[in-house]
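The values are calculated or read from the model by the stated rules, or taken from the named source; none is laboratory data. Just so you know, these numbers come straight off a predicted model, no measurement behind them. When we count neighbours, we look across all protein chains shown, and the Cβ atoms used for this are built from the backbone with ideal geometry, even at glycine. Ligands, DNA and RNA are excluded from the accessible area calculation, which covers all protein heavy atoms including side chains. Shrake-Rupley method; radii C 1.70, N 1.55, O 1.52, S 1.80 Å.
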Amino acid sequence: MNKRKIEELIPFALDEISNQFTEEIPKEYKGYIANFGASIIQSGLLSTVAFFQNNNSGSNQDRRKITEMILNIIYKNENYEKSQKENNLLDYIISNIGRKKIIKEQVINVTIAVKLAMGTFKFSEKVDTQEGDNQ
């Protein structure tokens with residue numbers, strides 16, 4: 001964890017959260033982002049990302065938004081060209097497996113920035129289910 005880097009990432013996180021959620025953030029995302037960081041430490045980076053990108057999770061909200069936001073922030077911060085971009089965070093990690101330690105720190109820093117940035121937004125109290133959602 002790099003405190004200076006996290007502070008640099010917070011504006012990117014604020015922008016990405018605003019892009020993902022037009023009004024309020026569903027309250028489930030508080031738990032999702034907290035669990036994401038803890039799971040990286042406990043289960044490992046690849047296992048955590050694979051779990052969060054699972055389309056058939058049965059969760060109330062689409063957890064894939066967490067990995068999508070993280071990857072978008074990485075790309076914005078690193079100024080990647082469109083041709084260099086992977087489709088999802090799992091593909092990004094696998095294609096950079098030789099830099100796994102650096103990528104893990106990068107993902108953790110972005111996760112912390114997202115968690116801190118989410119605290120500035122309003123969370124909804126209602127629970128919406130994603131039944132029939134085939135994204």
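At the listed q of 0.18 Å⁻¹, the Debye profile of the chain, built from one uniform point per Cα, gives log10 I(q)/I(0) equal to -1.04.
Rounded to a whole number, what % of the accessible area of the chain do carbon and sulfur atoms account for, probe 1.4 Å? Walk me through the intermediate numbers first.
On the way: 3690 of 7910 Å².
Within the chain, the accessible surface is 47 percent carbon and sulfur.
Each peptide in 41-50, 101-110 was scored by the mean count of other Cβ atoms within 10 Å over its residues; highest first, the order is 101-110, 41-50. Loop-resident GluC sites (Glu not before Pro) (DSSP state other than H, G, I, E or B) in the stretch 1-73 with no more than 11 further Cβ atoms inside 10 Å of their Cβ: 23. Its relative contact order, with pairs defined as Cα atoms under 8 Å and 6+ residues apart, puts the stretch 1-107 at 29 percent. Please compare each pair in 27/101; 3/104; 3/76; 27/104; 76/100; 3/115 to a cut-off of 22 Å on the Cα-Cα distance and tell me which ones are over it. As for pairs spanning more than 22 Å Cα to Cα, those are 27/101; 27/104. For the chain, the per residue solvent-accessible surface stands at 59 Å², with DNA, RNA and ligands left out and a 1.4 Å probe.
Let me check I have the definition right: for the stretch 60-122, take the eigenvalues of the Cα gyration tensor, multiply each by 5, take square roots. What are those semi-axes in whole Å, largest first?
Values: eigenvalues 87, 35, 29 Å².
Taking √(5λ) for each eigenvalue gives 21, 13, 12 Å, largest first.
Helices meeting the span-like rule in the chain (full DSSP H runs, Cα extent of at least 18 Å along the helix axis, mean Kyte-Doolittle score of -1.0 or higher): 3-20, 28-43, 64-78, 100-118.
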